[in-house]
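Have a look at the structure below, then the notes.
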Amino acid sequence: MNDKVGIVIVSHSPDVAKGAADMVRQMVGNEVPLAFTGGDPGGGLGTSVETILAAIDRAWSEKGVAILVDLGGAETNSEMAIEMLPEDRQGRVVVCNAPIVEGAVMAATEAWGGATLDEVRRTAEELSPA
Amino acid sequence: MTDGAPVNGSVLLTHEVGLHARPSVKLTKLAKGFSSKIELAAAEGGPWIDAKSIVKVMAAKAPKHTVLHFRAEGPDAEEAVAALIDLVASDFPEQPSESVAR
């Protein structure tokens, strides 16, 4: 166990985050550690550093965690969350520059095969227009 | 450990939607289970793409009725080509570990 990179999905909308996670589970399966978070604590659209940290924890793998985000705040809050991680984990969490749904499915497929964190990130980012 | 000779095989893609998202993921996952180098092409002369690359397999967008060509090289090349052909020929069956809504 924990031999696969974990995937975290961070969206402004809890529905988008859950929907993207559903697609990963259905298409790739349950073997890859996966967590999602979305919405601000007040119930509106947004992201929160605290819930991102918790999601990283749920999807934690010794091989690292790849985060997929949607818009601006999701990215900056994810980066903030990474900075707040214990030092020994900081280097093993990355934010992927990729579309959230497609990136999550691609990253999870790559993670499923036992790829390294860097390979997982590169696979997700291969999708982005050149 | 390796016996060198590449193994080839081809199969008609009958899946209704072609090699789209879900079939691509299944094919890539299966390919990743083998240690051989495995390539895939939608035409006999190529271009050949890495069957273990989900991005490349999905980008190939092979439609229904495409003849998919596989070639593999390595210690389990024969098993790999046989398994991939079987997956396509059996129309990408749902694996029991996957939950299917709807």
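The values are calculated or read from the model by the stated rules, or taken from the named source; none is laboratory data. Bear in mind the structure is a predicted one, so any value in this text is a computation, not a measurement. Ideal geometry is used to build each Cβ from the backbone, glycine not excepted, and the neighbour counts take in all protein chains shown. Accessible surface is based on the protein model in full, side chains and every heavy atom, while ligands, DNA and RNA are left aside. Shrake-Rupley method; radii C 1.70, N 1.55, O 1.52, S 1.80 Å.
Some points to look at:
- Residue under evaluation A:Leu53, criteria (1) farther than 24 Å from B:Ala21 by Cβ; (2) surrounded by fewer than 16 Cβ atoms within 10 Å (Cβ to Cβ); (3) touching a helix residue (DSSP H, G or I) at 6+ places or on another chain (Cβ under 8 Å), criterion not met: (2)
The rows are residues; the columns are (1) closer than 17 Å to A:Gly114 by Cβ; (2) in a strand (DSSP E or B); (3) modelled with pLDDT under 95.
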{"site": "B:Gly4", "(1), (2), (3)": "no, no, yes"}
{"site": "B:Val11", "(1), (2), (3)": "no, yes, no"}
{"site": "B:Thr14", "(1), (2), (3)": "no, no, yes"}
{"site": "B:Leu30", "(1), (2), (3)": "yes, no, no"}
{"site": "B:Glu39", "(1), (2), (3)": "no, yes, no"}
{"site": "B:Lys52", "(1), (2), (3)": "yes, no, no"}
{"site": "B:Lys56", "(1), (2), (3)": "no, no, yes"}
{"site": "B:Pro63", "(1), (2), (3)": "no, no, yes"}
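- Of residues in segment B:52-69 being in contact with an Asp or Glu (Cβ under 7 Å, 6 or more places away or on another chain) and under 19 Å from B:Gly9 (Cα atoms), the one farthest from the other protein chains (Cβ to nearest Cβ): B:His69
- Every condition in (1) in a helix (DSSP H, G or I); (2) open to solvent by 50 Å² or more (accessible area, probe 1.4 Å); (3) within 14 Å of chain B (Cβ to nearest Cβ) holds for A:Gln26 except the one numbered (2).
- Residues of segment A:1-19 satisfying the condition of being part of a helix (DSSP H, G or I) and within 13 Å of chain B (Cβ to nearest Cβ): A:Lys18, A:Gly19
- Scanning segment A:94-118 for residues that are facing chain B (nearest Cβ under 9 Å), of a type outside the set (A, V, I, L, M, F, W, C) and in contact (Cβ under 8 Å) with a residue 12 or more places away in the chain yields A:Glu102, A:Thr109, A:Glu110, A:Gly114.
- When each of B:Ala42, B:Ala77 is tested for being over 19 Å from A:Gly29 (Cα atoms), away from chain A (no Cβ under 14 Å) and open to solvent by less than 40 Å² (accessible area, probe 1.4 Å), the lone residue that passes is B:Ala77.
- Pick from segment A:40-55, criterion under 15 Å from the mean Cα position of the chain (by Cα) and not β-branched (Val, Ile, Thr), ranking: nearest to the other protein chains (Cβ to nearest Cβ): A:Ala55
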